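Working notes, beginning with the structure itself.
The values are calculated or read from the model by the stated rules, or taken from the named source; none is laboratory data. Only a predicted model underlies this, so the values are computations on that prediction, with no experimental measurement involved. So basically every Cβ, Gly included, is an ideal-geometry build from the backbone, and we count neighbours across all protein chains shown. All accessible areas refer to the heavy atoms of the entire protein, side chains included, with ligands and DNA or RNA removed. Shrake-Rupley method; radii C 1.70, N 1.55, O 1.52, S 1.80 Å.
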Amino acid sequence: MGTGAITQYVDVAQLVLYLFWAFFAGLIYYLVRENHREGYPMDNGRPDRPAKLTGWPTPAPKVFKTVHGDVTVPDPAKDARPLALKPPYGPGNAGTALEPTGNPMLDGVGAAAYTPRADRPDEDLHGKPKLVPLRILADAGFSIPTRDVDPRGLQVIATDGAVAGTVRDLWIDASEFLVRYYEVSVITPGGLRNVLMPREFALLKSFRGHSHMRCEALTAAQFADVPATRNPDVVTLMEEERVVAYYGGGMLYATPERAEPLV
């Protein structure tokens, strides 16, 4: 027998190869099993049938210790919202695209879908909320540069050309020194209310010395239904998710024409 041989038919290199194969197979099994922590068992779209299982088992729940409490994954109760969707051709047509049954922007479905994040503010390294209105940060030295247009007091023009409201304040990411939201005062049938408008959906327009904010995501009337914050000076991660999803959904659902095919 040569060097490294254990028997006439088995040597060290052969054993190492078999161990590598076993390790690699176990690694694949572990990774695919861990990948089933979210979204499994899968919904097959048929209310008269049980959830669809795969050949890979769902792992046992794992508890992550965080500074804000324990997080369990997977968590079947994480999102128990009833979905305001239905198959367009009846419940027997699984796999077809679902249609909203109500107002998708308020129901949080389709293009307006959102993830249920933690209902607490995003915090900086000192445990303080990162997003703060400029009116609170004024004493800390935050201000709008003199060379820039101060958007406070400017009208917000919606996609239908109507005035949706007036910019009341700016919400600043104090750790990044960036504007994240514009606070807009909107006149609604129930009275005046302040809503947030994400910076990504706002555009400052200037013409012959006159400026205004333009928002193509919503109509003027839809600003009245922007999800509100519980605290007028604090926004939570969950509230941010709903606000951004509402504006994002408006890019498809704000007008009936947007949801129709181009051709």
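Here are L178, L170, L125: which of them is out of contact with any Gly (no Cβ under 6 Å at 6 or more places or on another chain) and open to solvent by less than 40 Å² (accessible area, probe 1.4 Å)? Even if it seems obvious, please write down each step before you answer.
Working: L178 fails: open to solvent by less than 40 Å² (accessible area, probe 1.4 Å); L125 fails: open to solvent by less than 40 Å² (accessible area, probe 1.4 Å).
Exactly one residue qualifies, and that residue is L170.
Find all pairs meeting these conditions: Cβ atoms under 9 angstrom apart; at least six residues apart or on different chains; first residue within the stretch 130-149 and closer than 12 Å to D169 by Cβ and in a loop (DSSP other than H, G, I, E, B); second residue modelled with pLDDT of 85 or more and acidic (D, E).
I144/D150
Filter the stretch 128-150 for residues that are among the charged types (D, E, K, R) and open to solvent by 50 Å² or more (accessible area, probe 1.4 Å) and give the result.
Residues of the stretch 128-150 among the charged types (D, E, K, R): 128, 130, 135, 139, 147-148, 150.
Across the stretch 128-150, the qualifying residues are K128, R135, D139, R147, D148, D150.
Mind checking which pairs have a first residue in the stretch 16-39 that is of a type in the set (A, V, I, L, M, F, W, C) and a second that is open to solvent by 60 Å² or more (accessible area, probe 1.4 Å) and not in a helix (DSSP H, G or I), Cβ under 9 Å, 6 or more apart or different chains?
Between residues of the stretch 16-39 that are of a type in the set (A, V, I, L, M, F, W, C) and residues that are open to solvent by 60 Å² or more (accessible area, probe 1.4 Å) and not in a helix (DSSP H, G or I), the close pairs are V32/W56.
Considering the stretch 151-167 alone, what residues qualify as being in contact (Cβ under 8 Å) with a residue 24 or more places away in the chain, open to solvent by 70 Å² or more (accessible area, probe 1.4 Å) and either within 16 Å of E200 (Cα to Cα) or not aliphatic (A, V, I, L, M) (or both)? Break it down into steps so the answer makes sense when it comes.
If we filter the stretch 151-167 for residues that are in contact (Cβ under 8 Å) with a residue 24 or more places away in the chain, which is where we start, we get 151, 154-160, 162-165, 167.
After this cut, where a residue has to be open to solvent by 70 Å² or more (accessible area, probe 1.4 Å) as well, the list is 155, 160, 163.
Those that are in contact (Cβ under 8 Å) with a residue 24 or more places away in the chain, open to solvent by 70 Å² or more (accessible area, probe 1.4 Å) and either within 16 Å of E200 (Cα to Cα) or not aliphatic (A, V, I, L, M) (or both): Q155, D160.
Out of the residues in the stretch 230-244 that are hydrophobic (A, V, I, L, M, F, W, C) and not in a helix (DSSP H, G or I), state the one that is surrounded by the fewest Cβ atoms within 10 Å (Cβ to Cβ).
Applying the first criterion (hydrophobic (A, V, I, L, M, F, W, C)) to the stretch 230-244 yields 234-235, 237-238, 243-244.
Those still in the list that are not in a helix (DSSP H, G or I) too: 234-235.
Working: V234: 15, V235: 24.
Within the stretch 230-244, the match that is surrounded by the fewest Cβ atoms within 10 Å (Cβ to Cβ) is V234.
Here are V63, V16: which of them is modelled with pLDDT of 85 or more, surrounded by fewer than 12 Cβ atoms within 10 Å (Cβ to Cβ) and part of a strand (DSSP E or B)? Let's see the steps before the verdict.
Details: V16 fails: part of a strand (DSSP E or B).
None of the others qualify; the one that does is V63.
Among the residues of the stretch 207-228, are any among the charged types (D, E, K, R), at pLDDT 90 or above, closer than 19 Å to V149 by Cα and surrounded by 14 or more Cβ atoms within 10 Å (Cβ to Cβ)? Explain how you work it out, then say what you get.
Narrowing the stretch 207-228 to residues among the charged types (D, E, K, R): 208, 214, 216, 225.
Cutting the leftovers down to at pLDDT 90 or above gives us 214, 216, 225.
Subsequent filtering for residues that are closer than 19 Å to V149 by Cα retains 214.
Checking which are surrounded by 14 or more Cβ atoms within 10 Å (Cβ to Cβ) leaves us with 214.
Yes, there is a match, as at least one residue in the stretch 207-228 is among the charged types (D, E, K, R), at pLDDT 90 or above, closer than 19 Å to V149 by Cα and surrounded by 14 or more Cβ atoms within 10 Å (Cβ to Cβ).
Taking A228, is it in contact (Cβ under 8 Å) with a residue 24 or more places away in the chain and under 20 Å from R258 (Cβ atoms)?
no
For the stretch 222-229, state whether one or more residues are part of a loop (DSSP other than H, G, I, E, B) and touching a Ser or Thr at 6+ places or on another chain (Cβ under 7 Å).
Filtering the stretch 222-229 down to residues part of a loop (DSSP other than H, G, I, E, B) leaves 226-229.
Remaining after also requiring touching a Ser or Thr at 6+ places or on another chain (Cβ under 7 Å): none.
Scanning the stretch 222-229, I find no residue that is part of a loop (DSSP other than H, G, I, E, B) and touching a Ser or Thr at 6+ places or on another chain (Cβ under 7 Å), so the answer is no.
Scan the stretch 101-111 for residues that are closer than 19 Å to P87 by Cβ, surrounded by 18 or more Cβ atoms within 10 Å (Cβ to Cβ) and in contact with a Gly (Cβ under 6 Å, 6 or more places away or on another chain) and jot them down.
P104
I want to confirm something. Restricting to the stretch 245-258 and keeping residues that are open to solvent by 60 Å² or more (accessible area, probe 1.4 Å) and of a type in the set (A, V, I, L, M, F, W, C), which single residue is nearest to V109 (Cα to Cα)?
Our first condition is that a residue be open to solvent by 60 Å² or more (accessible area, probe 1.4 Å); within the stretch 245-258, this holds for 251-252, 256-258.
Of the ones still in play, those that are also of a type in the set (A, V, I, L, M, F, W, C) are 251-252.
Details: M251: 13, L252: 12 Å.
Of everything passing the filter in the stretch 245-258, L252 is nearest to V109 (Cα to Cα).
Scan the stretch 26-47 and give yes if some residue there is at pLDDT 70 or above, among the acidic types (D, E), open to solvent by less than 70 Å² (accessible area, probe 1.4 Å) and outside any strand (DSSP E or B), otherwise no. If you could, list the steps in order and put the result at the bottom.
Taking the stretch 26-47 first, the residues at pLDDT 70 or above are 26-38.
Within this subset, residues satisfying the condition of being among the acidic types (D, E) are 34, 38.
Filter again for open to solvent by less than 70 Å² (accessible area, probe 1.4 Å), leaving 34.
Now narrow it down to the ones that are outside any strand (DSSP E or B): 34.
Among the residues of the stretch 26-47, at least one is at pLDDT 70 or above, among the acidic types (D, E), open to solvent by less than 70 Å² (accessible area, probe 1.4 Å) and outside any strand (DSSP E or B), which makes the answer yes.
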